[in-house]
1. Considering only C-alpha atoms, what is the centroid distance from segment 86-130 to segment 19-37, in Å?
2. Given the rule -39500 (n - 2.57) for each run of at least 4 DSSP H residues, summed and divided by the residues of the chain, what is its mean residue ellipticity at 222 nm, to the nearest 500 deg cm²/dmol?
3. All other residues with a Cβ under 14 Å from the Cβ of V82 taken together, and with Lys, Arg as +1 and Asp, Glu as -1, what is their net charge?
4. Take every Cα pair under 8 Å in segment 26-91 that's 6+ residues apart, average their separations, divide by the length, and report that relative contact order as a whole percent.
5. State the antiparallel share, in %, of DSSP beta bridges confined to the chain, rounding to the nearest 5.
6. Considering Cα pairs under 8 angstrom that are at least six residues apart, work out the relative contact order of the chain and quote it in whole percent.
7. For segment 71-81, in order, what is each residue's ³J(HN,Hα) by Karplus, 6.51 cos²θ - 1.76 cosθ + 1.60 with θ = phi - 60°, in whole Hz (x at glycine and Pro)?
8. Tally Lys/Arg at +1 and Asp/Glu at -1 over every other residue whose Cβ is under 11 Å from the Cβ of R111; what's the total?
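No value in this document is a laboratory result; all are computed from the given coordinates. Computed from a predicted model, the values in this text were never measured in an experiment. Quick reminder, even Gly has a Cβ in these numbers, built from the backbone with ideal geometry, and neighbours come from all protein chains shown.
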Amino acid sequence: MGNLTFTMIKPDAVRANNHAKILQHLVDAGFRIVALRMWCMSRNDAMRFYAVHKGKPFFEPLVEFMTSGPIIAAVLEKEDAVAELRKTVGATDPEKAEEGTVRRLYGASVRQNAIHASDSDENARIEWSIHFDEADIMV
Ligand code: CDP
Ligand code: MG
C-alpha cells in the first residue's frame, strides 16, 4: 500500500461552491495536498478517465456530467492513502454513505456524488497522469 492517492471534486460540488470546504475536510482527515489543479476535462479526457465503465448504461451520462463544468483534481498524501480516502469519501450513493463522509455531506445523487476517489495504487497513478505531469506532484 502506497502513500499517495488521487481525488477529484466533481462539477456538482464546484458549482455548489463546496470545493474549499471539501478540500479542508480532506486536510482535516489527515491528507496532505501534493498536487492541485482546477480545470475542465474534454469529452476525450473524461472517457479515458472512466474507461473501465465503458459500455455501462451510465457511461454516457457520466461523461456528460463530468464535462459539464470545472473539476478540481488533487494528489493526496497519507499513510495507506487509497483505503483511507475511500473511507473518508464514503459509498457511491450519498444516501448509503456513512454519516460524516464527504459524499454524505455534499453528494446529491448516485451520479452527482461530489467527489472521486481512486480504488487502487495502480489506478491512482493512471488517473493522476490524466491530470498532472509527474513534475507537478510535490513529493
Ligand atoms: O466512484 P465509485 O468508485 O464509488 O463508483 P463507481 O461504481 O466506480 O462509479 C464511478 C462513478 O460513476 C460514480 O462515482 C458516479 O459518479 C457514477 N455512477 C453513475 O453515474 N451511475 C451509476 N449507476 C453508478 C455510478
Ligand atoms: Mg470506482
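1. 14
2. -10500 deg cm²/dmol
3. Surrounding charge for V82 is -4.
4. Normalised by residue count, the contact order of segment 26-91 is 50 percent.
5. 100
6. Taking the mean separation of contacting Cα pairs over the length of the chain, I get 38 percent.
7. Running phi through 6.51 cos²θ - 1.76 cosθ + 1.60 with θ = phi - 60° gives 10, 10, 9, 8, 9, 10, 10, 5, 4, 6, 4 Hz.
8. Taking every Cβ under 11 Å from that of R111, the sum is -2.
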